[in-house]
1. With respect to the numbered conditions (1) over 21 Å from S80 (Cβ atoms); (2) in contact (Cβ under 8 Å) with a residue 12 or more places away in the chain; (3) assigned to a loop (DSSP other than H, G, I, E, B), which one is the sole condition not fulfilled by N144?
2. Can we say L48 is under 24 Å from N199 (Cα atoms), in contact with a helix residue (DSSP H, G or I) (Cβ under 9 Å, 6 or more places away or on another chain) and not basic (K, R)?
3. Suppose we keep only residues that are under 15 Å from the mean Cα position of the chain (by Cα) and either at pLDDT below 95 or closer than 30 Å to S136 by Cα (or both) within region 108-123. Which one would you say is most open to solvent (accessible area, probe 1.4 Å)?
4. Answer yes if at least one residue in region 124-140 is within 22 Å of L63 (Cβ to Cβ), surrounded by fewer than 20 Cβ atoms within 10 Å (Cβ to Cβ), hydrophobic (A, V, I, L, M, F, W, C) and at pLDDT 95 or above, and no otherwise.
5. Could you go through region 34-41 and let me know if any residue there is under 15 Å from V90 (Cα atoms) and of a type in the set (V, I, T).
6. Considering only region 1-51, state which residues are under 17 Å from the mean Cα position of the chain (by Cα) and at positive phi.
7. Output the residues belonging to region 62-96 that are open to solvent by 30 Å² or more (accessible area, probe 1.4 Å) and not in a helix (DSSP H, G or I).
Amino acid sequence: MNQPGVYWLLNAPFVDIIGLYSNAAENPGFISGAIPGQAQKTWLTRTLQGIQTQRSAGTRKALVVATHHPPFTAGGHSPSTEMLTDIDSVCRQTGVMPDLFLSGHAHSYQRYTRALTISGKPVQIPYLVAGTGGISDQAVPQANGQKTGDHTFEKSMKGFGYLLVQVSKASIVATMFSVDPNTKAKSLFDKVTVNLSTNQIS
């Protein structure tokens, strides 16, 4: 937390990745407020404005946003609703929403689908909690499409594993592999694809 660059933009050929610092508290997680101040939120606004300028000029890359604390979670820790409200306000102000949202903190795998309408267009955004590589796993309820507000709880896993994210000009593909702690064998657990032209997932 005392090093420079605790929030950042990675400008890659097919994707922009924004990492935000939410660790102003153990729970629930913040990116602005009395303790962290407004610098990060101001930086996020400028960064998304820059991405919007590039898109207006014809360059449409995927956007991945990552935080430590999860906006949505059903196991291990509480969801960071204030953090999400802050991020949402900047995204709506600049007209740029993430195509994929990554987080950890809870020691489980959880996938949520958030359905929004942005500028009259229906948008689906996967919110993934990928906290399965740590020192212990935590219990998580079984996901079966439970809907809460604007998001549904699609998949969940207690155990160990890793997430592979592949990005092209056309799509983002996030694949979750479970790993047996004894044999180290991996197996496919979940896969979600974001179509960047339609902003729909499959």
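The values are calculated or read from the model by the stated rules, or taken from the named source; none is laboratory data. From a predicted model like this one, the values you see are computed outputs, not experimental measurements. Because the Cβ atoms are built from the backbone with ideal geometry, glycine has one as well, and the counts that use them run over all protein chains shown. Side chains included, ligands, DNA and RNA excluded: accessible areas come from the protein's heavy atoms. Shrake-Rupley method; radii C 1.70, N 1.55, O 1.52, S 1.80 Å.
1. N144 satisfies every listed condition except (2).
2. On the way: under 24 Å from N199 (Cα atoms): yes; in contact with a helix residue (DSSP H, G or I) (Cβ under 9 Å, 6 or more places away or on another chain): yes; not basic (K, R): yes.
In short, yes.
3. Applying the filter and picking the extreme gives R111.
4. No, region 124-140 contains no residue that is within 22 Å of L63 (Cβ to Cβ), surrounded by fewer than 20 Cβ atoms within 10 Å (Cβ to Cβ), hydrophobic (A, V, I, L, M, F, W, C) and at pLDDT 95 or above.
5. To start, the set of residues in region 34-41 that are under 15 Å from V90 (Cα atoms) comprises 38-41.
From what is left, the residues that are of a type in the set (V, I, T) are none.
No.
6. Selection gives G29 alone.
7. Answer for region 62-96, where residues must be open to solvent by 30 Å² or more (accessible area, probe 1.4 Å) and not in a helix (DSSP H, G or I): H68, A74, G76, H77, S78, P79, G95.
Okay, residues lined up against (1) touching a strand residue (DSSP E or B) at 6+ places or on another chain (Cβ under 9 Å); (2) under 25 Å from A106 (Cα atoms):
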{"site": "L163", "(1), (2)": "yes, yes"}
{"site": "A170", "(1), (2)": "yes, no"}
{"site": "V173", "(1), (2)": "yes, yes"}
{"site": "F177", "(1), (2)": "yes, yes"}
{"site": "T183", "(1), (2)": "no, yes"}
{"site": "D190", "(1), (2)": "yes, yes"}
{"site": "T193", "(1), (2)": "yes, yes"}
{"site": "N199", "(1), (2)": "yes, no"}
